[in-house]
Structure formats: C-alpha cells, structure tokens
Amino acid sequence: MTADDRLFTFHPRSVAIMAAVMGFSLIALFGVIWVQFDDVTTASFTLFQRLTLLAFFGGILWILYRMATVRVSAYADRIRIRNVFKSYTLPWTEVTALRFTSGDAWLQLFDAEDNRIGVLAVQASEGRRASTAAKELAAVARAHGAGVKRTPEN
C-alpha cells in the first residue's frame, strides 16, 4: 500500500494544529515548572514517581499524536480509516452508505452488517472543506462498488 495507490485522502487541519499546539504547550508548561523546582523538591521525587509522570505525559502526547494523524484514504479496492483509538480497513463491497448530514459531528460510514463507523477525519469543524471531502469520497465509493446492497444467496 503506497501513496501512489491512493485515489483519495483527507485529514483535518484544525485538529492537527490543535493537537500540535496542545502538545508543545504541555511540554513547555511542565518543562518550565520542573526547572523552577528547587534542588530539594526535585530530589524528593523517587524514580517510580518520575517514571509515572513520564508515562502520564507520554500517554497524553500519544493521544494528541493520534488525534493529529486521523485520516481517511480510499484505494481502488478498499477504504482505510484511521481514528484516534482504532483503524479500519474495509473493502468497498462492505460499505453500504456514507452519511454526512447537517448537525453531524463527522462522516458516518455504514458497513454490510449495518454497523456505524465514525470517520473522524471528515468532521464538521472543517466546514466547507469537510463537505467537499465527503462528496469526493462518496463519489469514489460509488465508482468502486460501495452502496450496493447484496441479497442473500439461496
């Protein structure tokens, strides 16, 4: 799977900018706080406490990274969705509908089993850019076999 195989890709700019600003702010804020501690205070932290703080901030930074890298990519044979905590890859034949109506926070994908998957990359906070992306993705989906209801075989 290479970038050359992609027919369509979209990721929200506003979320990436927000996550980057929050990540850098978090690092700067707690870096300044740590530097401002006197030697007695910093020496009072045990190794376990220091590792716990690092794990906590590492977890927050990982979540911000995942938020910054949500995306949806379409290929000739499949769609790839990367959300914050989970990624999905579905063949077009399993996609029955894409919906992005007024009032929706993000694009909704429905699969053959009528499961709803939120496509967090295409979200209302992106405004017209997201609406255009949803229409382009729907056109790619239709052109590659999505939305075709399969009937049970006898």
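Could you put Lys86, Lys135 in order, starting from the residue whose Cβ has the fewest other Cβ atoms within 10 Å? Before the final figure, lay out the partial values.
Working: Lys86 9, Lys135 12.
Ranking Lys86, Lys135 by Cβ neighbours within 10 Å, fewest first, gives Lys86, Lys135.
Which one is right for this structure if Rg and Dmax of the Cα atoms in Å is calculated from it: [x] 21.0, 78; [y] 20.6, 58; [z] 14.1, 39?
Computed from these coordinates, Rg and Dmax of the Cα atoms in Å corresponds to label [x].
In what order do Ile60, Ile81, Ile117 fall by count of nearby beta-carbon atoms within 10 Å, going from fewest to most?
Ile60, Ile117, Ile81
Given a cut-off of under 8 Å on Cα pairs at least six residues apart, what relative contact order in percent is computed for the chain?
On the way: 206 pairs, mean separation 37.7, N = 154.
Here the relative contact order equals 24 percent.
Once phi is turned into θ = phi - 60°, what whole-Hz ³J(HN,Hα) does the Karplus curve with 6.51, -1.76 and 1.60 give for every residue of segment 110-123, x standing for Gly and Pro?
For segment 110-123, the Karplus curve yields 10, 9, 5, 9, 6, 7, 9, 10, x, 9, 5, 5, 9, 10 Hz.
With n ≥ 4 as the cut-off for DSSP H runs, can you work out [θ] at 222 nm for the chain, using -39500 (n - 2.57) per run divided by the number of residues, rounded to the nearest 500? Walk me through the numbers on the way to the answer.
Numbers: 4 runs with 67 residues, N = 154.
Result for the chain: -14500 deg cm²/dmol, rounded to the nearest 500.
Where in the chain are the DSSP H helices whose C-alpha atoms run 20 Å or more along the long axis and whose mean Kyte hydropathy is at least 0.5? Intermediate results must be reported in sequence, preceding the final value.
Working: long enough: 13-36 (34 Å, 1.80); 47-68 (31 Å, 1.34); 128-143 (23 Å, -0.11).
What comes out of the filter, once short or polar helices are dropped, is 13-36, 47-68.
Of Met67, Met18, how do they rank once you tally other Cβ atoms within 10 Å and put the fewest first?
Values: Met67 19, Met18 15.
Starting with the residue having the fewest Cβ neighbours, the order is Met18, Met67.
Readers should treat all values here as calculations from the given coordinates under stated rules, not as data from a laboratory. Computed from a prediction, not measured in an experiment: that's the story for all the values here. Reconstructed Cβ throughout: ideal geometry from the backbone, glycine too, with neighbour counts over all protein chains shown.
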